[in-house]
Amino acid sequence: MENIDWKNLGFGYKDTDYNIRCYYRNGKWGELEVCSEKHISVHMAATGLHYGQEAFEGLKAFKGKDGKIRIFRLDENAKRLQSSCKGILMPELSVELFTEAVLKAVKLNEKFVPPYESGASLYIRPLLFGTGAQIGVHPADEYLFVVMVMPVGPYFKGGFKANSYAITRKYDRAAPLGTGTYKIGGNYAASLRANKEAHDLGYTSEFYLDAKEKKYIDECGAANFFGIKGNSFITPKSSSVLPSITNKSLQQLAIELGMTVEARNVPVEELTTFEEAGACGTAAVISPIKSIVDVDNDITYFISEEPGKICTRLYEKLRAIQYGDEPDLYGWVTVVE
Ligand code: PLP
Ligand code: COI
């Protein structure tokens, strides 16, 4: 095996030894197959290629001080994939089969799970898409589910440090009655231009307002938003935002810290009143927000140069549970046996 520089890993694709595949044919899912081939041979008229019948997930496995491997909230990712499948008429996969495939992929690639000291993790990327040929716009009759894994470091260079965001009014990621609540490829395709323009202007990422009125906060690029004001953890309630499992976990931890959770419309002007704010998701856990700039109207909503106290506390607490340094009070962790 190549020598991996665990401490300097970025967030990107890396080859590992095995992936797990499962085919849906004749109205049912087949057996899990172990595969070492990285390519997939698909029909040129597959619906996943033409009509975006494609969903994915993202979750992580962590090596603890005790040498054990822990997977974070596996069942939640399984359920969200089911919801994405329902949303674009793909056959759902049972939580059991999802779990079995993820466990198999992690175990078979055990040597790629970064050591505890590195602070890195194994990113697990399940993917499900229509492979059946179709030229009319209809759901496919055949599908493929794949689980691939790869060791990753921090999503943003520099790890836990505050980042800048540019509000985009030119592009919407998802519509109020669209597909924003599903983790499907089309939403990410829709975000690429906004993301590039934000980057080109020198920001870490783009920042979305609600598509209909452009009044309320939706998401920070490919992550949920939360703000801290006094004793409250405030996060947008929106029909075009992906229900983040990290956000849900942080809400629970905020309650544990004696805070109040408010899930509601968050007007963009309210940004001036937050003492701290963060973007949250599996890849970064929390990425504290330094500034949010309305580039079209030349308004800067400044939050803080350094990660705030509560963001830091929540980040450390969640990481401690993931690595097994703190007890798993809520049953979030699956230990790989
Ligand atoms: N929002 C979007 C658009 C995402 O792609 C992700 C990443 O998965 C999230 C939010 C964060 O979700 P989670 O915490 O489940 O990773
Ligand atoms: C996240 O895990 O927070 C993400 O946004 C994943 C991204 C690579 C799609």
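The values are calculated or read from the model by the stated rules, or taken from the named source; none is laboratory data. This is a predicted model, so every value here is computed, not measured. Here the Cβ is made from the backbone with ideal geometry for all residues, glycine too, and neighbour counts use every protein chain on show. Side chains are part of the model used for accessible areas, which takes the heavy atoms of the whole protein and leaves out ligands, DNA and RNA. Shrake-Rupley method; radii C 1.70, N 1.55, O 1.52, S 1.80 Å.
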| note | Taking every other residue with Cβ under 13 Å from the Cβ of T168 and scoring Lys and Arg +1, Asp and Glu -1, one gets -3
| said: Test of understanding: express the Cα radius of gyration of the range 130-178 as a ratio to 2.2 N^0.38 Å, with N the residue count. | reply: 1.97
| note | Here the Kirkwood hydrodynamic radius of the chain, Cα-based and in Å, equals 20.7 Å
| said: Need the list of lysines near K68 for cross-linking: C-alpha distance under 22 angstrom, and skip anything on the same chain fewer than eight residues off. | reply: K7, K60, K104, K107, K111, K317
| message | Please report the accessible area of V335 (heavy atoms, 1.4 Å probe, ligands and nucleic acids excluded) in Å², nearest 10. | response | 50 Å²
| query | What do the square roots of 5 times the Cα gyration tensor eigenvalues come to for the range 163-323, in whole Å, largest first, as semi-axes of the equivalent ellipsoid? | reply | 23, 17, 15
| message | Quick check of the Kirkwood formula: for the range 114-225, what is the inverse mean of 1/r over all pairs of different Cα atoms, in Å? | response | 16.7 Å
| task | Work out from phi, with θ = phi - 60° and the Karplus expression 6.51 cos²θ - 1.76 cosθ + 1.60, the ³J(HN,Hα) of each residue of the range 174-191, listed in order in whole Hz, and give x for Gly and Pro. | result | 7, 9, x, 10, x, 10, x, 7, 9, 9, 10, x, x, 5, 7, 4, 5, 9
| query | Can you work out ³J(HN,Hα) from phi for every residue in the range 310-317, in order, using Karplus 6.51 cos²θ - 1.76 cosθ + 1.60 and θ = phi - 60°, giving whole Hz and x for Gly and Pro? | reply | 6, 4, 5, 5, 5, 4, 5, 5
| request: Can you pull the one-decimal nm distance between simple spin-label points at K237 and L97, each 7 Å off the Cα toward Cβ? | output: 3.5 nm
| request: Rounded to whole Hz and in sequence order, give me ³J(HN,Hα) for the range 318-326 from the Karplus expression 6.51 cos²θ - 1.76 cosθ + 1.60, θ = phi - 60°, writing x for Gly and Pro. | output: 5, 4, 4, 5, 4, 8, x, 7, 10
| With Cβ to Cβ distances under 11 Å as the rule, what net charge do the other residues near Y301 carry (K, R +1; D, E -1)? | -2
| Within the range 220-267, which chymotrypsin sites (Phe, Trp or Tyr not before Pro) sit in a loop by DSSP and count at most 11 neighbouring Cβ atoms inside 10 Å? | none
| remark: Restricting to Cα pairs under 8 Å and 6 or more apart, the percent relative contact order of the range 187-337 works out to 18 percent
| remark: Here the gain from full extension of A175 to S83, 0.36 nm per residue of separation minus their alpha-carbon distance, amounts to 31.4 nm
| message | Keeping every protein chain present and rolling a 1.4 Å probe, give me the accessible area per residue for the range 6-152 in Å². | response | 45 Å²
| task | Could you calculate the contour length gain from K196 to V261, that is, 0.36 nm times the residue separation minus the distance between their Cα atoms, to one decimal place in nm? | result | 20.1 nm
| message | For the range 163-323, what does the accessible surface come to per residue with a 1.4 Å probe? Please give it in Å². | response | 41 Å²
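Over the chain, what is the relative contact order in whole percent, taking alpha-carbon pairs under 8 Å and six or more residues apart? Let's see the in-between values first.
Working: 738 pairs, mean separation 64.4, N = 337.
Computed value for the chain: 19 percent relative contact order.
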| task | Equivalent ellipsoid semi-axes for the range 6-152, as square roots of 5 times the alpha carbon gyration tensor eigenvalues: give them largest first, rounded to whole Å. | result | 29, 15, 13
| Between N3 and H39, what length in nm is gained on full extension when 0.36 nm per residue of separation is reduced by their alpha carbon distance? | 10.6 nm
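Calculate the FRET efficiency for H138 and K14 from the Cβ-Cβ distance with a Förster distance of 35 Å, rounded to the nearest 0.05.
Computed FRET efficiency for H138 and K14 comes out at 0.45.
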